[in-house]
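First the structure, in the form of structure tokens, and then the observations on it.
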Amino acid sequence: MSTRTAVITGASSGIGAATARQLSAAGYRVVLTARREDRIRALAEELPDAMAQVLDVTDRAAVDAFAASLDRVDVLVNNAGGALGAERVADADPADWRTMYETNVLGVLHMTQALLPALRASGDGTVLVVSSTAGLATYEGGGGYVAAKHGAHVLAETLRLELCGEPVRVIEIAPGMVKTGEFALTRFRGDEEKAAAVYAGVAEPLTAEDVAETITWAITRPSHVNIDLLVVRPRAQASNYKVHREG
């Protein structure tokens, strides 16, 4: 049998890149997608039999063309997403909300719809959605991101119902506080002080590798085992708004 193939979106950094490395180590042929060509090509060179493809998951025509280029797909990791801004609802920029919805929800929809025929044809497919604890509970200043991640959560939940009886699992991994090099910095538009404040006093937030290990574990369970929803937080975080900070 050919090597099982895993497509990973948002693979240029953070959780996506870490997941690519761990799935490759687990024996998968990984297909890396992201908008930043230099990063995914550099990562692909590190990994055996890896492929890199520049892709914007919000561009449906590009997604369809990408799907048509693949000879097989066994796993889809919908990781591309992100947050913009932390303004209250009264002050938020609708353009930011639109961008977050298009990336976190419609991007997952585009990739899933385009690759579902191949996942079904594999006879043992997996769709994994990297959502967030923001998709399960609200917090002030998070309205747009929370709404988008609620959308991703509901998409995964609905898809699981609709595919019941077919040979495709639907897994959702919902991380809490993860410290990567870019998430908070992007959210606060490059403001390093605001980005650092998110993690101030938190001894050990999750790392990208922690989440990637969780993703890889869920994917590599026996075919009859479906991890419907797995919430993973650092020990210092009890909820989206209760975090132990030292000092």
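The values are calculated or read from the model by the stated rules, or taken from the named source; none is laboratory data. The model shown is predicted, which means the values in this text are computed figures rather than measured ones. Positions of Cβ are generated from backbone atoms using ideal geometry, with glycine treated the same way; all protein chains shown enter the neighbour counts. SASA here: full protein model, heavy atoms, side chains in, ligands and nucleic acids out. Shrake-Rupley method; radii C 1.70, N 1.55, O 1.52, S 1.80 Å.
Summary of values
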item	result
Part-to-part distance (alpha-carbon centres) for region 189-246 and region 1-34, which is given in Å	19 Å
Helix axis angle, 37-46 relative to the chain longest principal axis, alpha carbon, degrees	60 degrees
Paramagnetic reach from Glu209 (point 7 Å along Cα→Cβ, amide N under 20 Å) across region 215-230	215-220
In degrees, nearest ten, helix 143-162 long axis to first principal axis of the chain (Cα)	30 degrees
Contact order normalised by residue count of the chain, Cα under 8 Å, 6+ apart, percent	19 percent
Cβ-defined net charge surrounding Arg21, 11 Å radius [Lys, Arg +1; Asp, Glu -1]	-3
Solvent-accessible area, 1.4 Å probe, carbon plus sulfur percent, for the chain	51 percent
Dipole in debye (nearest 20) - the chain, about Cα centre, beta carbon charges: Lys, Arg +1; Asp, Glu -1	340 debye
Contour excess over end-to-end distance, with Cα ends at Ala200 and His224 and 0.36 nm allotted per residue	4.5 nm
Sequence-separation-based contact order of region 1-128, relative, with Cα cut under 8 Å and 6+ spacing, percent	26 percent
DSSP beta bridges in the chain [antiparallel fraction, %, rounded to 5]	5 percent
Folded to 0 to 90 degrees: helix 107-121 orientation relative to the chain principal axis, Cα	30 degrees
Unit charges at the beta carbon, dipole of region 5-138: most positive-side option, Ser132, Ala83, Tyr28	Tyr28
Neighbourhood net charge (14 Å Cβ-Cβ; Lys/Arg +1, Asp/Glu -1) for Ala121	-1
